[in-house]
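S.K.: Have a look at this one.
The values are calculated or read from the model by the stated rules, or taken from the named source; none is laboratory data. None of the values given here were measured: they were computed from a predicted structure. Cβ atoms come from the backbone with ideal geometry, glycine included; neighbour counts cover every protein chain shown. Quick note on the areas: whole protein, heavy atoms, side chains included, nothing else; ligands and nucleic acids left out. Shrake-Rupley method; radii C 1.70, N 1.55, O 1.52, S 1.80 Å.
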Amino acid sequence: MSDEAKRKTAKAAQSGEPGKAATSGTGARAAKSSAAKSPAPKSPAPKSPATARTSGRTPVGAARGRVDVLKTYKLFIGGKFPRSESGRVYEVTDSEGNWLANAPQSSRKDARDAVAAARKAFGGWSGATAYNRGQILYRVAEMLEGRREQFAAEVAAAEGLSAPAAAAQVDAAVDRWVWYAGWSDKIAQVAGGANPVAGPFFNLSTPEPTGVVAVLAPQESSFLGLASVLAPVIVTGNTAVLVPSERAPLPALSLSEVLATSDLPGGVVNVLSGRTREVGATLAAHQDVNALDLAGTSGYPELAKELETAAAENLKRVLRPDEDGGEDGGEGAGWSADPGTHRLLAFLETKTVWHPIGV
């Protein structure tokens, strides 16, 4: 390159004219260096499985920049929280079809284990004083009151209710536990008494619990209806194997956590989520179940008939849906009515004692 050309190139570089500077070897090398230093645009990172699962919901931890911790629901048998023996689960959705959780799907083995746990707990629970049973039910109500917001959210999602309506359902359920707790040491005065007889005897009738009761909870009223059928069974000294609403089992599974920490002995209440027909058939045919509450078959007369036929094998006491005092189990409004004492008396046996007066 001539001296004249070199002088022109240097002058163009100093003046900052891009068109001219780019023609020089130095300018080309500077352009290459700048391109090498500039970072390449990043491709969007793939979603994690947890993010993908919750893409239809608003993750609890999203506002804090962390992964949402999803709750694992389990069965409640003998005071413990096992997974289903079969390992099966089924999807639970809200009223609009959005995924809420995976609930354990109980097997026949789970049902047999629950009955064994209920039978084991029956002696101690039925032998406790009525006053003590009432205290424990009141403790359940206290703990439910403390977790009111959680249960209101679950009921709202399960039943498609507004926030105020769901809160009203939870309040009514808590009041129902308190109401039945108050009856614990009074029902004997209603169901029992002294009978007049011809002869020098005292004749006394006293109520006693039936034993292990399989309770099919209402399908539509997932929490208030549940409390209305479970509380009267256990306050009178029975133990229960509860099958919650198939479509909306989450409030019942959360209730298990309250029962486990409320001084209620293990095995008094056992909760089996799953298919009502499958679990109900096993419990109805079980020879160590003494009674069956068919509240959860309201609106399904064929299923009710099948279960009642199976229950006749060992002469179980059966409470039919049309005998439950008008609760329809449909819209759930019926469960808000005054429950009366018919459910307290439904699973009680009467023992009559003759005793000589003596002179």
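S.K.: Residues in segment 283-307 that are surrounded by fewer than 17 Cβ atoms within 10 Å (Cβ to Cβ) and over 18 Å from ARG108 (Cα atoms): how many?
M.R.: Going through segment 283-307 one residue at a time, the tally reaches 4.
S.K.: In segment 248-257, is there at least one residue being open to solvent by less than 10 Å² (accessible area, probe 1.4 Å) and closer than 14 Å to ALA114 by Cα? Steps first, answer last, please.
M.R.: As a first pass, look at segment 248-257 and keep what is open to solvent by less than 10 Å² (accessible area, probe 1.4 Å): 248-249, 251-256.
Still in the running and closer than 14 Å to ALA114 by Cα: 256.
Yes, segment 248-257 has at least one match.
S.K.: Shifting gears a bit: Scan segment 116-157 for residues that are touching a helix residue (DSSP H, G or I) at 6+ places or on another chain (Cβ under 6 Å) and surrounded by 21 or more Cβ atoms within 10 Å (Cβ to Cβ) and report the count.
M.R.: 9
Here's the yes/no breakdown for (1) touching a residue at least 12 places away in the same chain (Cβ under 8 Å); (2) small (Gly, Ala, Ser); (3) part of a helix (DSSP H, G or I); (4) under 21 Å from PHE122 (Cβ atoms):
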position: ASN270; (1), (2), (3), (4): yes, no, no, yes
position: LEU283; (1), (2), (3), (4): yes, no, yes, yes
position: GLN287; (1), (2), (3), (4): yes, no, no, yes
position: GLY299; (1), (2), (3), (4): yes, yes, no, no
position: ALA304; (1), (2), (3), (4): yes, yes, yes, no
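S.K.: Still on this structure: Look at segment 188-203 and say how many of its residues are free of Cβ contacts under 8 Å to residues at least 60 places away in the same chain and closer than 23 Å to LEU344 by Cβ.
M.R.: Qualifying residue count for the region: 4.
S.K.: From (1) at pLDDT 95 or above; (2) part of a loop (DSSP other than H, G, I, E, B); (3) crowded, with 17+ Cβ neighbours inside 10 Å, pick out the condition that doesn't hold for PRO82.
M.R.: (3)
S.K.: Considering (1) in a helix (DSSP H, G or I); (2) in contact with a strand residue (DSSP E or B) (Cβ under 7 Å, 6 or more places away or on another chain); (3) under 24 Å from ARG176 (Cβ atoms), say which one GLU308 fails and leave the rest.
M.R.: (3)
S.K.: Suppose we keep only residues that are among the small types (Gly, Ala, Ser) and over 30 Å from the mean Cα position of the chain (by Cα) within segment 184-225. Which one would you say is most open to solvent (accessible area, probe 1.4 Å)?
M.R.: For segment 184-225, the residue satisfying everything is ALA198.
S.K.: Let me ask you something else. Tell me, please, whether a residue that is within 18 Å of ALA128 (Cα to Cα) and not hydrophobic (A, V, I, L, M, F, W, C) can be found in segment 161-183.
M.R.: Yes, the conditions are met somewhere in segment 161-183.
S.K.: Mind listing just one residue for me: the one in segment 317-359 that is surrounded by 15 or more Cβ atoms within 10 Å (Cβ to Cβ) and of a type in the set (Asp, Glu) and, of those, modelled with the lowest pLDDT?
M.R.: Only one residue fits best here, namely ASP328.
S.K.: Continuing with this model, one more query. Anything in segment 85-98 that is part of a strand (DSSP E or B), of a type outside the set (D, E, K, R) and open to solvent by 60 Å² or more (accessible area, probe 1.4 Å)? List them, or say none.
M.R.: Answer for segment 85-98, where residues must be part of a strand (DSSP E or B), of a type outside the set (D, E, K, R) and open to solvent by 60 Å² or more (accessible area, probe 1.4 Å): just VAL89.
S.K.: Sort out which residues of segment 99-115 are surrounded by 17 or more Cβ atoms within 10 Å (Cβ to Cβ) and either aliphatic (A, V, I, L, M) or touching an Asp or Glu at 6+ places or on another chain (Cβ under 6 Å) (or both), and write them in order of number.
M.R.: Correct list: LEU100, ALA101, ALA103, SER107, ASP110, ALA111, ALA114, VAL115.
S.K.: Could you run through segment 183-221 and say how many residues are in contact with a Gly (Cβ under 7 Å, 6 or more places away or on another chain) and of a type outside the set (A, V, I, L, M, F, W, C)?
M.R.: Count: 10.
S.K.: Okay, next question. Only one of these conditions is not met by ALA260: (1) surrounded by 17 or more Cβ atoms within 10 Å (Cβ to Cβ); (2) over 18 Å from ARG119 (Cβ atoms); (3) among the aliphatic types (A, V, I, L, M). Which number is it?
M.R.: (1)
S.K.: Moving on to the next point. Could you please find all residues in segment 218-259 being in contact (Cβ under 8 Å) with a residue 40 or more places away in the chain, in contact with a strand residue (DSSP E or B) (Cβ under 7 Å, 6 or more places away or on another chain) and closer than 26 Å to GLY127 by Cα?
M.R.: Selection gives VAL229, VAL233, ILE234, THR236, GLY237, ASN238, THR239, ALA240, VAL241, VAL243, SER256, LEU259.
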